[in-house]
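So the structure is just underneath, and the comments pick up after that.
What follows is calculated from the coordinates using simple rules that are stated; it is not laboratory data. No experiment lies behind these values; they were computed from the predicted model shown. Here Cβ is always computed from backbone atoms with ideal geometry, including for glycine, and neighbour counts include all displayed protein chains.
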Amino acid sequence: MRRRRTAIDAYTAIKDMILTGRLRQGSRLSDQELALELGVSRTPVRHALGKLEQEGFLSNVRGRGFQIHDPDAKEVADLYALREVLEAHAVRLAVERVGPVDLVEFAEVLATIEQLQADPAKRGEEIRVGLRVHEILARASGDAFLHDTMVRLLNRMHFFIWMETINEDSRAAAATRQQHNALMECLRTKQPDHAEQLVRQHIREAKQGILRILAARDAFYQPMQDVRTAAPAGV
């Protein structure tokens, strides 16, 4: 139990370093240095790095080890396009096949979100709870293969979901909550077309938000790169 707790603590600490910018995108990570900084052995750090790679926070480059993932616009477009296709199909099936247990769990998630939204400091926890909405929809589809694929895809997209969360404003957060409530109503009243429309709108807005963040990042760093690569005057 203690070993598992240590691994979870290392995972949480390293992810926090990435999200807060203490570890920069593209930089290489040393399990030995991280273990020293966190005061743990290298084993839980290695487990944490492997989990962060699965979630898209890190890349494992052959011969160089782990480095913080540096996404580009094409990767974002590809992942969100795939998610839109899968989740739009899942929600239509869910509207047809959803059962009482799914509806109760969905309602419980929405109630928890309503409690958390009163405290801005708990927005991160609210996001984690909100991700269960998408898992419930995938499970309610009744297609085990689709459910498994959706869960793995959402895990792979955690990096982007957190990136979006950190940079979102209060209006975007409110819109997400409204979409979740509207999806619940679609499930209860059997509205597959409206449900699909909501899912597609949510995913497309999320994709555009990430693309704006990446564009702003690239615009910020480009002048610095130009200065470093410019030839000295008079040469």
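Estimated from the Cβ-Cβ distance and a Förster radius of 30 angstrom, the FRET efficiency linking residue 155 and residue 36 is about 0.55. In sequence order, segment 87-95 has phi-based couplings of 6, 4, 5, 4, 6, 5, 5, 4, 4 Hz under the Karplus curve 6.51 cos²θ - 1.76 cosθ + 1.60, θ = phi - 60°, and Gly or Pro positions carry x. Binning the alpha carbon pair distances of segment 2-68 at 5 angstrom intervals from zero yields the distribution 3, 19, 32, 28, 13, 3, 0, expressed in whole percent. Find the relative contact order for segment 73-221 and round it to a whole percent, using C-alpha pairs within less than 8 Å whose residues are 6+ positions apart. Normalised by residue count, the contact order of segment 73-221 is 39 percent. Reported to the nearest whole Å, the Cα centre-to-centre distance from segment 30-46 to segment 166-223 is 36.
Could you identify which residue out of 45, 104, 133 has the top mean-square fluctuation in a GNM of the chain using Cα springs shorter than 10 Å? In the Gaussian network model the winner is 104. Coupling constants for segment 171-177 follow from the phi torsions by the Karplus curve (6.51 cos²θ - 1.76 cosθ + 1.60, θ = phi - 60°), and in residue order they are 5, 5, 5, 5, 5, 4, 4 Hz; glycine and proline get x. For the pair residue 132 and residue 208, the difference between a 0.36 nm per residue extended length and the Cα-Cα distance amounts to 25.1 nm.
Report, in deg cm²/dmol and to the nearest 500, the calculated mean residue ellipticity at 222 nm for the chain, where each DSSP H run with n ≥ 4 adds -39500 (n - 2.57) and the sum is divided by the residue count.
Computed ellipticity for the chain at 222 nm equals -26000 deg cm²/dmol.
Here the Karplus curve 6.51 cos²θ - 1.76 cosθ + 1.60, taken at θ = phi - 60°, turns the phi angles of segment 39-54 into couplings of x, 10, 6, 6, 4, x, 5, 5, 4, 5, 5, x, 5, 5, 5, 4 Hz, with x standing for Gly and Pro. Magnitude of the charge dipole for the chain, about its Cα centre and with charges confined to Cβ atoms of Lys, Arg (+1) and Asp, Glu (-1), is about 720 debye.
Along the axis of the charge dipole computed for the chain (Cβ charges of +1 for Lys and Arg, -1 for Asp and Glu, origin at the Cα centre), the listed residues 86, 115, 8 are led at the positive end by 8. All Cα-Cα separations within segment 73-221 were binned at 10 Å from zero, giving a P(r) of 11, 41, 37, 10, 1, 0, each value a whole percent of the pairs. Note on the chain: dipole from Cβ charges, positive end direction compared against 129, 19, 197; the farthest Cα belongs to 19. Its relative contact order, with pairs defined as Cα atoms under 8 Å and 6+ residues apart, puts segment 2-68 at 40 percent.
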